[in-house]
Amino acid sequence: MHSVDAKTEQMIRSVLAYAENRLRLDPVPLDKGSRDPADLDVALAGLLGEDGHDPDQVLGVYAALLAPAVISADSPRFLGFIPAAPTKASLLFDMLISCASIQGISWLEAAGPIHAENQVLRLIADRAGMPAGAGGCFVSGGSAANLSALAVAREVAKRSSGTRTSARKRAVVGSDAHSSITNTLRLLEMDALVVPTAEHRLSGEAVRTAIEADADPGSLAVIVATAGTTNAGIVDDLAGLAAVAADRGLWFHVDGAYGGAGLFAPSVRAAYDGIEHADSFVLDPHKWLFAPFDCAALLYRNPTLARSVHRQDAGYLDVIHEQPGEWNPTDYAYHLTRRARGMPLWFSLCVHGVRAYSTAIEQAISLARQTADEIRSRDYLELIREPDLSVVLFRRVGWRSADYTAWADRLLDDQVAFIPPTTWEGETVARFAFLHPHTPMGLITEILDRMADA
Ligand SMILES: Cc1ncc(COP(=O)(O)O)c(C=O)c1O
């Protein structure tokens, strides 16, 4: 299994040929994710057992039956959720990193890749205006990053209030914060002070008022801001929230898992003013910085604090903490083993240059604006709000929830687009979430046309 024998040679040829063909797809077809589990059982029958099989047979099953049972996130027709739209360069390099089995835990084991990852983190920190000492690591996603950052925020608050053991800490959150924040608070045994938002945007003023009215402000540890809400792409009042956090001595966390990439888009950069004050900042390159799954950048203003919470100590790990110039990504989140998941982004950024990224991000923003204009021009549609980033919410006049579902199902069945509905203030509505720079305006008009006579 570990030597380069005839079977390995066969796999190298077949798997690389498959990967090559997949990489050459332009555009990538949409396909369809959901399947009857019984059909999948039949497809896989007999493959997983005591005895091995011919690699081409197994690959054939994958290619014919499993690969098409996926809605391809890298298709320009994927317009739902906010998954990924990786560059070809990043996909290629992801493969290379996997082949090299790089263990991106410690400076001792992987100083080269870690140094390159840190340059990418520095690039992001510079765009945010964070200080020279800022740093962190790449983790698997925004959920993991939010959990790791808020664990630090809670610990810092406990230390400063001297109540390390029992008192529960709380976080100030807006009602449009991502679902992973709710999960994080539950896992950390923290409570939320949920502040109602005007127009779904958390403001410093609203938070200041809520804290002044709160019966137990001493239990507050952190203000959580969102830079690009998932449902609508709204950037909170970061400057106002940073000011309240500073006045109150609270940790300031900015969840920019989706929208953080807007820092690279000059047309919207001003919306992020105040982000430079973040104590922790999350940006998922696997969303809008065109990296493959799974990749989230986690940055701390003061990484020493993060290390004091996350560093793992054991006799067998002492050696990784004794390296000159050491920067151990493992010290900055709740993980130990990690792949060097920032490397595909590093390679792609080096190959294409940062300007190409800005252009591609602006493309999705521009598409959102054109789509809003198109919606306004049709009397059977209503734009719910002007898009701030690359999400567009709109309603079809007279439709109920089942109509949106039927429309979305038909679009997927016909392989036109994947555009699942969402809810907005309790109402089912339609939502475009643009990431891929090659999504054409013609596709948008086709999708909207199909609401006219549906
Ligand atoms: C604002 C925000 N935060 C956090 C997350 C969670 O990120 P992940 O899916 O990478 O765990 C998302 C995902 O859509 C998000 O939009």
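The values are calculated or read from the model by the stated rules, or taken from the named source; none is laboratory data. This is a predicted model, so every value here is computed, not measured. Quick reminder, even Gly has a Cβ in these numbers, built from the backbone with ideal geometry, and neighbours come from all protein chains shown. Please note that ligands, DNA and RNA were not included when accessible areas were found on the heavy atoms of the full protein model with its side chains. Shrake-Rupley method; radii C 1.70, N 1.55, O 1.52, S 1.80 Å.
Between the beta carbons of Leu23 and Arg311, assuming R0 = 35 Å, the FRET efficiency works out to 0.35 to the nearest 0.05.
Accessible area ranking (1.4 Å probe, heavy atoms, ligands and nucleic acids excluded), largest first, for Lys7, Lys287: Lys7, Lys287. When the helices of the chain are scored as -39500 (n - 2.57) per DSSP H run of n ≥ 4 and the total is divided over every residue, the value at 222 nm lands at -13000 deg cm²/dmol. Normalised by residue count, region 1-123 yields a Cα convex hull volume of 171 Å³ per residue. Over region 337-454, the alpha carbon radius of gyration divided by the compact-protein estimate 2.2 N^0.38 Å works out to 1.25. Against the empirical 2.2 N^0.38 Å (N residues), region 85-237 has a Cα radius of gyration ratio of 1.25. For the chain, complete DSSP H runs whose alpha carbons reach 20 Å or more along their own long axis and whose mean Kyte-Doolittle score is -0.5 or higher are 107-128, 142-161, 354-376. Each peptide in 201-212, 219-230 was scored by the mean count of other Cβ atoms within 10 Å over its residues; highest first, the order is 219-230, 201-212. For region 322-405, GluC sites (Glu not before Pro) meeting the loop criterion (DSSP other than H, G, I, E, B) and having at most 11 other Cβ atoms within 10 Å: Glu322. Over all pairs of different C-alpha atoms, the chain has a mean inverse distance whose reciprocal, the Kirkwood radius, equals 23.7 Å. For region 1-108, the list of GluC sites (Glu not before Pro) that fall in a loop by DSSP and count at most 11 other C-beta atoms within 10 angstrom reads Glu50.
The lysine pair tally for the chain, using Cα distances under 22 Å and a gap of 8 or more places or different chains, is 4. Once every Cα of region 151-242 carries one equal point scatterer and solvent is ignored, give the base-10 log of I(q)/I(0) from the Debye formula at q = 0.15, 0.20 Å⁻¹, two decimals. These q points yield log10 I(q)/I(0) values of -0.56, -0.95. Heavy-atom accessible area for Thr359, with the other protein chains in place and a 1.4 Å probe, reaches approximately 90 Å². Note on Val61 and His115: their simple-model spin labels are 4.5 nm apart, each label 7 Å out from Cα toward Cβ. Multiplying the residue separation of Tyr380 and Ser366 by 0.36 nm and removing their Cα-Cα distance gives an extension gain of 2.8 nm.
Taking 20 Å as the cut-off, the amide N atoms of region 1-24 that come nearer than this to a point 7 Å along the Cα-to-beta-carbon line of Glu50 belong to 1. For region 134-198, trypsin sites (Lys or Arg not before Pro) are listed when DSSP marks them as loop and at most 11 other Cβ atoms sit within 10 Å of their Cβ; the list is Arg164.
Could you sort the peptides 275-282, 424-431 by per-residue average Cβ neighbour count (10 Å cutoff), highest mean leading?
Values: 275-282: 26.0, 424-431: 15.8.
Listed from highest to lowest mean packing, they are 275-282, 424-431.
With a 1.4 Å probe rolled over the protein heavy atoms of all chains, the accessible area of Asp403, Asp26 falls in the order Asp26, Asp403, largest first.
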